[in-house]
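Read the structure below first, then the notes.
The values are calculated or read from the model by the stated rules, or taken from the named source; none is laboratory data. All figures in this text were calculated on a predicted structure; none of them were measured in a lab. Here the Cβ is made from the backbone with ideal geometry for all residues, glycine too, and neighbour counts use every protein chain on show. SASA here: full protein model, heavy atoms, side chains in, ligands and nucleic acids out. Shrake-Rupley method; radii C 1.70, N 1.55, O 1.52, S 1.80 Å.
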Amino acid sequence: DDPQGRIHSDYRDSLRSQLGHQMINERLAAQSRTTDPPFLAAQAGDSRLMPTEGSWSAVAASAEGQSLMAYQALLMEARRVAQYGFLPGELDRARQNVLSSYDRYLAEADKTDSVTHAEELQRVFLTGESMPGIAYEVALAHRYVPAFTLDELNAWGRDWLPATSRMVTVVLPDRGV
């Protein structure tokens with residue numbers, strides 16, 4: 001077993017997912033800023049529940065009476081990603097955003113609260129996530145993020161929406177019940 005190779009492989013996969021989700025979530029944010037948006041806000045992602053099991057999820061906040069439209073818009077965007085992929089400009093922006101986030105994490109490492117550290121330790125034990133330290137993670141991000149190709153992210157996008165293990169949540173306004 002090569003722990004160093006596993007760390008690199010795990011982080012490379014994680015970084016690819018981060019780039020893909022960054023692009024999808026930017027598309028969803030753009031939809032929420034249109035004149036007649038299908039939802040007020042939305043976000044998509046995935047999570048690991050155990051080392052071998054994960055889930056896809058999408059969440060949207062909708063106006064009253066618009067929950068079906070929000071649900072359909074979430075699934076439609078996921079299908080567009082699978083069918084048509086991403087654009088070069090989307091990948092360039094996602095790269096900049098992801099790398100900037102990692103650089104911020106490193107600059108503010110001494111300000112990270114204990115809850116964040118506890119959650120990371122929890123993921124190490126529950127999902128098998130690697131924990132090499134923030135400086136090493138930032139170095140890996142700067143190594144791998146610029147190297148991802150559009151073809152690689154488009155392949156990720158085709159496989160991103162699974163036929164099972166997905167959860168779509170629509171959040172409705174509080175009616176003061």
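So which of 152, 120 is more than 20 Å from residue 28 (Cβ to Cβ), modelled with pLDDT of 90 or more and under 17 Å from the mean Cα position of the chain (by Cα)? Only one candidate passes the filter, namely 152. Residue check: residue 158 meets all listed conditions (1) in a helix (DSSP H, G or I); (2) out of contact with any Lys or Arg (no Cβ under 9 Å at 6 or more places or on another chain); (3) over 28 Å from residue 5 (Cβ atoms) but one, namely (3). Before we move on, is residue 31 of a type outside the set (A, V, I, L, M), modelled with pLDDT of 85 or more and surrounded by fewer than 14 Cβ atoms within 10 Å (Cβ to Cβ)? Taking the combined requirement at face value, the residue does not satisfy it.
If you go through segment 138-149 one residue at a time, do you hit one that is over 30 Å from residue 109 (Cβ atoms) and either modelled with pLDDT of 85 or more or out of contact with any Gly (no Cβ under 8 Å at 6 or more places or on another chain) (or both)? Taking every residue of segment 138-149 in turn, at least one turns out to be over 30 Å from residue 109 (Cβ atoms) and either modelled with pLDDT of 85 or more or out of contact with any Gly (no Cβ under 8 Å at 6 or more places or on another chain) (or both).
Within segment 155-177, how many residues turn out to be exposed (fewer than 11 other Cβ atoms within 10 Å of the Cβ) and at pLDDT 75 or above?
1
Within segment 78-125, the set of residues being under 21 Å from residue 10 (Cα atoms), of a type in the set (A, V, I, L, M, F, W, C) and in contact with a helix residue (DSSP H, G or I) (Cβ under 7 Å, 6 or more places away or on another chain) comprises 91, 94, 98, 99, 106.
In segment 122-136, the residues that are closer than 22 Å to residue 101 by Cα and in contact (Cβ under 8 Å) with a residue 40 or more places away in the chain reach residues that are part of a helix (DSSP H, G or I) and open to solvent by 60 Å² or more (accessible area, probe 1.4 Å) with C-beta atoms within less than 9 angstrom, at least six apart or across chains, in these pairs: 129/123; 130/3; 130/6. Residue check: residue 38 meets all listed conditions (1) in a helix (DSSP H, G or I); (2) modelled with pLDDT of 85 or more; (3) open to solvent by less than 40 Å² (accessible area, probe 1.4 Å) but one, namely (1). Please verify whether segment 49-67 includes one or more residues that are in contact with a Leu (Cβ under 7 Å, 6 or more places away or on another chain), acidic (Asp, Glu) and outside any helix (DSSP H, G or I). The answer is yes, given that some residue of segment 49-67 is in contact with a Leu (Cβ under 7 Å, 6 or more places away or on another chain), acidic (Asp, Glu) and outside any helix (DSSP H, G or I).
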